[in-house]
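Below: the structure, in structure tokens.
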Amino acid sequence: MSLATHSISIVQAKLSEQLCRIESGFFFANDEAIFFSGNPRRGYISSARLSIHTMLAQSTAVWTELDENPNCRLEKEGLIIWGGSTSWEGDGFLAVSHASSGELIWLLHLQGAEAFTEIALENGVMRARSGQYPEIFVWEIPLNSPEALKVVLFHA
């Protein structure tokens, strides 16, 4: 009889320590990432999916602390969705995991988005709000294709 071992991903392990990479992008439980350049005011350009191991080979110490906003948490449709800010001023994050296992589906870290303050989920699309007066951003993120995110409204 053989026992299979399940190794936890680096992204999942760091999330359990309330940490994520400082780069803007989506980080997945299989240690892949889609990186973004840009900002919420002008939009983002995304990379192809890459292994986070490539980034770790360049720098292992570039992690930021996550600060969950207790008002930005939702459990719905078998998922837990939460967000907040990071230890880097002006950055925000959103994360989605399976409610039953706690396993991460994806984590989004965005430089310049400010703290996420509200989330909702309807028909497989997360709607989230970040920022503070006078800059409020409203996001639409399809859960199954998060790289198709849109900033749908910006108030000045």
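No value in this document is a laboratory result; all are computed from the given coordinates. Because the structure is a prediction, the values reported are computed rather than measured. Ideal geometry is used to build each Cβ from the backbone, glycine not excepted, and the neighbour counts take in all protein chains shown.
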List the residues whose amide H sits under 5 Å from the amide H of Ile105, counting only those 5 or more places along or on another chain, with H placed 1.01 Å from N in the peptide plane.
-> Val96, Ser97, His98
Selected from Pro40, Pro142, Pro134 as most flexible by GNM, with the chain as the system and alpha-carbon contacts under 10 Å | Pro134
Amide H neighbours of Ile136 under 5 Å, at least 5 residues apart or on other chains, H built in the peptide plane: list them.
-> His155
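What is the range 10-155 by shape, rounded, prolate or oblate, if you read a ≥ b ≥ c off the alpha carbon gyration tensor as root eigenvalues and call it rounded for a/c under 1.5, prolate for a/b larger than b/c, and oblate otherwise?
Details: a/c = 1.41, a/b = 1.15, b/c = 1.23.
Note, shape of the range 10-155 comes out rounded.
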Run the numbers on the range 10-155 and let me know its relative contact order in percent, using alpha-carbon pairs under 8 Å that are six or more apart.
-> 19
Anyone know which of Gln111, Gln12, Gln132 comes out most mobile in the 10 Å Cα GNM of the chain?
-> Gln132
Kindly write out, for the range 100-111 in residue order, the coupling ³J(HN,Hα) from the Karplus curve 6.51 cos²θ - 1.76 cosθ + 1.60 (θ = phi - 60°), rounded to whole Hz, with x marking Gly and Pro.
-> 6, 10, x, 5, 5, 9, 7, 10, 10, 10, 10, 6
For the Glu122, Asn71 Cβ pair and Förster radius 22 Å, calculated FRET efficiency rounded to 0.05 is 0.75
In order through the range 87-94: 3J(HN,Hα) via Karplus (6.51 cos²θ - 1.76 cosθ + 1.60), integer Hz, x for Gly, Pro = 6, 8, 4, x, 9, x, 9, 9
Would you grab the residues whose amide H sits under 5 Å from the one on Ala115? Only those 5+ places off in sequence or on another chain, please, with H modelled 1.01 Å from N.
-> Gly131
Would you mind putting 81-93, 13-25, 46-58 in packing order, based on average other-beta-carbon counts within 10 Å, highest first?
-> 81-93, 13-25, 46-58
Phi to ³J(HN,Hα) by Karplus 6.51 cos²θ - 1.76 cosθ + 1.60 over the range 8-24, Hz, x for Gly, Pro | 7, 6, 5, 4, 5, 4, 5, 4, 5, 8, 6, 10, 8, 5, 7, 5, 6
Using only helices, what value at 222 nm comes out for the chain when you add -39,500 (n - 2.57) per DSSP H run of length 4 or more and divide by the total residues, to the nearest 500 deg cm²/dmol?
-> -2000 deg cm²/dmol
